[in-house]
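Every number here is computed from the coordinates shown, using simple stated rules; none is lab data. Treat the numbers as computed from the prediction; the structure is a model and nothing was measured. Reconstructed Cβ throughout: ideal geometry from the backbone, glycine too, with neighbour counts over all protein chains shown.
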Amino acid sequence: MSYYITTPIFYVNAQPHLGHAYTSIIADTISRYKRITGNTVRFQTGTDEHGDKIAEAAGQSGVSPKEYADRISAMFRETWPTLDIAPDHFIRTTDQEHIRTVQSILTKVHDQGDIYFSEYTGLYCKGCERFLTAKELVDGNCPDHLKPPAEIAEQNYFFRMSRYQDWLIDHIKTNPDFIQPERYRNEVLSFLKEPLEDLCISRPTSRLTWGIPLPFDDKFVTYVWFDALINYLTGLGYPDQPDFDEYWPVAEHVIAKDILKPHAIYWPTMLKSLGLPPFRRLHVHGYWNIDGIKMSKSIGNVVGPAQLVEQYGVDATRYFLLREMTFGLDSSFSDEVMITRQNADLSNDLGNLFSRSLTMVANFCEGRVPQTGPLTEEDQALADAATTMITSFSAHMEAFEFNRALQAIWQVISLANKYIVTNAPWELAKDPALRPRLETVLYTLLETLRLITLCLHPIMPGTAARMSSSLGIITPPDLLSQSNWGGTIPATAVNTGPALFPRLKKQATAEPRQEGTPATKKAPGKKDSKPTSPPPSSEGLITFDQFRQTELRVAEIIGAERIAKSDRLLKLTVKAPEERIIVAGIAEHYAPEELPGRKVIIVANLKPTKLMGVESHGMVLAAKEGDRLVLSAVAADIAPGSRVA
Ligand code: ME8
């Protein structure tokens, strides 16, 4: 069977964060699961590169939109392998092939009369890149971006979405699993009770040039969603490539609830207008929150995948995200829960079962899989639990219930750990007469571990590969043919290998990020909490309290002059927002003339000190690389005196 799974294509106006990583880990896990259950899988992700937000972010960085998109798109592409996320295709909306496909689809839909020109006034949220209805606002703000939308009136092209409303309602009703989980299906159906408006699909080039030109009117570019959603077709070579015929009928999309409407309403109606069947299923998950607020680049409270991988490793990160969130509901990220799970579930439960079992095989059976004798009732109970685990794991995976799929595995891990205690193989080993019993117990443990490893492949590919290698398993995983009891082959050499997961110290690891290093920023309106944990033990680290004593501010340089008899020092007059003098050792790198007007970051609360006779009230931050020195700067215009947090 074929299977096609996609993530949203992510905007390139900011770097990848945990939210993007979660969706991508889901898609990767499912594609690995589908592969080991005999499917031919295509997994697609990519980046969404047109629109106001991107053009604006590029402008702030002082580069062209394309250069900016190239840079951030590469970050997404390079981040995924660090999380063992292995898409088959990475699509970019700036790919020529995509642009051609979007234009040919626009022509087709236009020719058949589903696109018309009209005037429109509406409430536009730049964050969502769409018009919101008054009903969607909370206290006048977009509920996701916490900002009021702008009222925009302009002439534009519209897609006759309303024409397909009845068809869509009928399709959702007759295909109960079209939108999952059910709460989102209900949400869409309830939205569809009101008459559907047509969809504005263009922007005048006077307002936005960074988009795909409409083939029938070059004074307009296409609206982001009409461009973005089509990626799911372009990536398959629509309309005439064999991959399209193979994979489109089995397409499944994974998204978070922020983009439910474009996927559940715009997209199926666009497909209907094109004469294509809708995708097979839409899987909608909730938000990762920090302090109860959605983790998002526009709010700035993000946790980056690189920090997680560095702190916890790939597999612990994947495990945590899949185990902690109930698919469809929101979840909170915290280092504390992450560390607790790693220590309890991975290091203790799984790690101990694995290392104890293999160590006993090494000690009592010279590192070779023993023979199994007849199973006692207790052996049989574990064997039954392990084979039932496969069935229940598979059922939960099929239903995108990742936390329950993992619970099914951990139930067996826990049973197996108890089995070790009650059977005490180290006692059996003392009596040669009990040798057959010892061997059966150890065989039962190894076989249970083999089945556990089989289930872990899609979740923690690296760990499962290490476990397989220790267990002497050389065949690639196949859940269909390898899930019967008895697959472990006696006399196979096994080895203990290094510990699967190290135990983590709680506060020392948790503190730096929880208390406000760049990885997280307090959400607006939240008071900074006092650090409660003791200072980290590692040398060289400072506590958040120590860091907080340093007051960093944005300062505008309004004057600069050389200091007599010094080759190194410049006397800077800055506004921060009060005027002050700062002496900076930058004369070998910057001429005084080039400095006024620049905004830099300063340490504002240093005790004044005299340098070459001039009193300095603070310090300018700069970066050094060999002999080079580059002044700090801010990425967008901001008032002098703004605090840097
Ligand atoms: O919406 N929790 O791109 P985007 C969970 N380009 N998932 C999160 C999340 C969070 N806090 N934050 C982001 C776009 N995500 C469009 C999509 S598709 C044709 C076009 C994930 O960069 C989640 O998958 O804003 C969400 O749907 C997506 O990132 C939004 O990514």
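A few remarks follow.
- For q = 0.12, 0.24, 0.28 Å⁻¹, Debye-computed log10 I/I(0) when each Cα of the stretch 5-61 counts as one equal scatterer: -0.38, -0.91, -1.07
- Distance from the Cα centroid of the stretch 539-597 to that of the stretch 56-108 is 38 Å (rounded to whole angstrom).
- In order along the stretch 485-500, the phi-based Karplus estimate (6.51 cos²θ - 1.76 cosθ + 1.60, θ = phi - 60°) of 3J(HN,Hα) comes to 5, x, x, 6, 9, x, 6, 4, 6, 10, 9, 6, x, x, 4, 5 Hz; Gly and Pro are listed as x.
- The stretch 162-190 residues near the modelled Lys135 label - backbone nitrogen below 13 Å, point 7 Å along Cα→Cβ: 187-190
- Computed over the Cα atoms of the stretch 368-441, pair by distinct pair, the Kirkwood hydrodynamic radius stands at 13.7 angstrom.
- Separation between Cα centres of the stretch 407-426 and the stretch 217-294, rounded to whole Å: 45
- q = 0.09, 0.13, 0.15, 0.21 Å⁻¹, the stretch 334-471: log10 I(q)/I(0) [Debye, one scatterer per Cα]: -0.28, -0.57, -0.74, -1.32
- Three-way shape label, the stretch 283-333, alpha-carbon gyration tensor, a/c 1.5: oblate
- Rounded to whole Å, sorted largest first: equivalent-ellipsoid semi-axes of the stretch 172-287, Cα gyration tensor: 26, 20, 13
- Each residue of the stretch 601-615 is assigned a 3J(HN,Hα), and the resulting list reads 9, 10, 8, 9, 10, 7, 4, x, 9, 9, 10, 6, x, 10, 7 Hz, derived from the Karplus form 6.51 cos²θ - 1.76 cosθ + 1.60 (θ = phi - 60°), x at Gly and Pro.
- Spin-label pair Ser61-Phe90: with each label point 7 Å from Cα along the Cα-Cβ axis, the two points sit 1.5 nm from one another.
- Inter-part distance, the stretch 124-182 to the stretch 616-645, computed on C-alpha centroids, equals 42 Å.
- Taking amide H as placed 1.01 Å from N in the peptide plane, Ser642 has its amide H under 5 Å from the amide H of Val554, each at least 5 places away in sequence or on another chain.
- Spin-label model, Leu629 to Thr422: label points 7 Å out along the Cα-to-beta-carbon direction sit 7.2 nm apart.
- For the stretch 468-481, 3J(HN,Hα) per residue [Karplus equation, 6.51 cos²θ - 1.76 cosθ + 1.60, θ = phi - 60°, Hz, x = Gly/Pro]: 4, 5, 4, 7, x, 8, 10, 7, x, x, 8, 5, 7, 9
- DSSP beta bridge pairing in the stretch 1-143, given as percent antiparallel to the nearest 5: 25
- Of all DSSP beta bridges in the stretch 2-314, antiparallel share, percent nearest 5: 50
- Principal axis box of the chain, alpha-carbon based, largest edge first, Å: 92, 76, 42
- Residues whose amide H comes within less than 5 Å of that of Arg42, counting only those at least five positions distant or on another chain, are Tyr3, Tyr4, Ile5 (H built at 1.01 Å from N in the peptide plane).
- Efficiency of FRET from Cβ geometry, Leu480 and Gln112, R₀ 45 Å, rounded to 0.05: 0.50
- Exposed loop sites here mean GluC sites (Glu not before Pro) with a DSSP loop assignment and at most 12 other beta-carbon atoms within 10 Å; the chain contains its longest site-free run at 1-365.
- Counting neighbouring beta carbons within 10 Å and listing from fewest to most, the residues Leu552, Leu308, Leu18 come out as Leu552, Leu18, Leu308.
- Computed from the alpha carbon atoms alone, the convex hull of the stretch 544-631 holds 101 Å³ per residue.
- In terms of its Cα atoms, the stretch 2-314 spans 53, 45, 39 Å along the principal axes, sorted from long to short.
- Compared with the alpha-carbon gap, the fully stretched path from Glu182 to Ser104 is longer by 24.6 nm at 0.36 nm per residue.
- Leu329 long-range amide H proximity, modeled H, under 5 Å: Gly286
- Exposure proxy ranking for Phe364, Phe76, Phe117, Phe226, based on other Cβ atoms within 10 angstrom of each Cβ and starting from the fewest, stands as Phe117, Phe364, Phe76, Phe226.
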